[in-house]
1. Could you tell me whether any residue of segment 83-96 is in contact with a strand residue (DSSP E or B) (Cβ under 6 Å, 6 or more places away or on another chain) and either in a loop (DSSP other than H, G, I, E, B) or within 18 Å of residue 128 (Cβ to Cβ) (or both)?
2. List the residue pairs whose Cβ atoms are under 7 Å apart, where the first residue sits in segment 124-152 and is touching a residue at least 24 places away in the same chain (Cβ under 8 Å) and at positive phi, the second is in a helix (DSSP H, G or I) and surrounded by fewer than 19 Cβ atoms within 10 Å (Cβ to Cβ), and the two are 6 or more positions apart or on different chains.
3. Using the structure shown, decide if residue 114 is surrounded by 19 or more Cβ atoms within 10 Å (Cβ to Cβ), modelled with pLDDT under 95 and assigned to a helix (DSSP H, G or I).
4. Which condition number does residue 34 fail, the rest of (1) surrounded by 15 or more Cβ atoms within 10 Å (Cβ to Cβ); (2) over 13 Å from the mean Cα position of the chain (by Cα); (3) under 16 Å from residue 131 (Cβ atoms) being met?
5. If I go through segment 61-91 residue by residue, how many of them are closer than 24 Å to residue 31 by Cα, over 17 Å from the mean Cα position of the chain (by Cα) and without any contact (Cβ under 8 Å) to a residue 60 or more places away in the chain?
6. Give the number of residues within segment 128-159 that are out of contact with any helix residue (DSSP H, G or I) (no Cβ under 6 Å at 6 or more places or on another chain) and assigned to a loop (DSSP other than H, G, I, E, B).
7. Answer with yes or no whether residue 99 is surrounded by 12 or more Cβ atoms within 10 Å (Cβ to Cβ), assigned to a helix (DSSP H, G or I), without any contact (Cβ under 8 Å) to a residue 60 or more places away in the chain and on the phi < 0 side of the Ramachandran plot.
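The values are calculated or read from the model by the stated rules, or taken from the named source; none is laboratory data. Everything numeric here is computed off the predicted structure, so don't read it as measured data. Cβ sites come from the backbone with ideal geometry, for glycine too, and all protein chains shown count toward neighbours.
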């Protein structure tokens, strides 16, 4: 058993859960997408990365220098409007209150899988390269916070 701390990820999933009732809210001056899109995207990334990491073979890991990775992990922030989501994690517009809740429950159960992974398992991020388990967990937190920040901004703009 490894020592990966998933408590922060649990809190972030709870924050996504609290945003689900507002999934139709949108503000084009903040984002072209509504809150539901940001929740669905964050969950797709969450579940996809955990799936990929759990299938990785530790001996296949190769480290490489990556300046963008250093900046994002040091600042713990993804700059807005710089990256474009890969097609496989771009939500279709057919999500509903119920589908978001189901997807969230799937993420909660997948989260527990992280506890059982080898610390040398990894995820190959399209922009940052290979991230071992600890860095993968950090990326999931940074990415989820990025979308929660956008969600909060949209919510505040509607008040």
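1. no
2. Close Cβ pairs (under 7 Å, with a partner that is in a helix (DSSP H, G or I) and surrounded by fewer than 19 Cβ atoms within 10 Å (Cβ to Cβ)) amount to 129/69.
3. It is true that residue 114 is surrounded by 19 or more Cβ atoms within 10 Å (Cβ to Cβ), modelled with pLDDT under 95 and assigned to a helix (DSSP H, G or I).
4. (3)
5. 1
6. Adding up the residues that qualify gives 2.
7. yes
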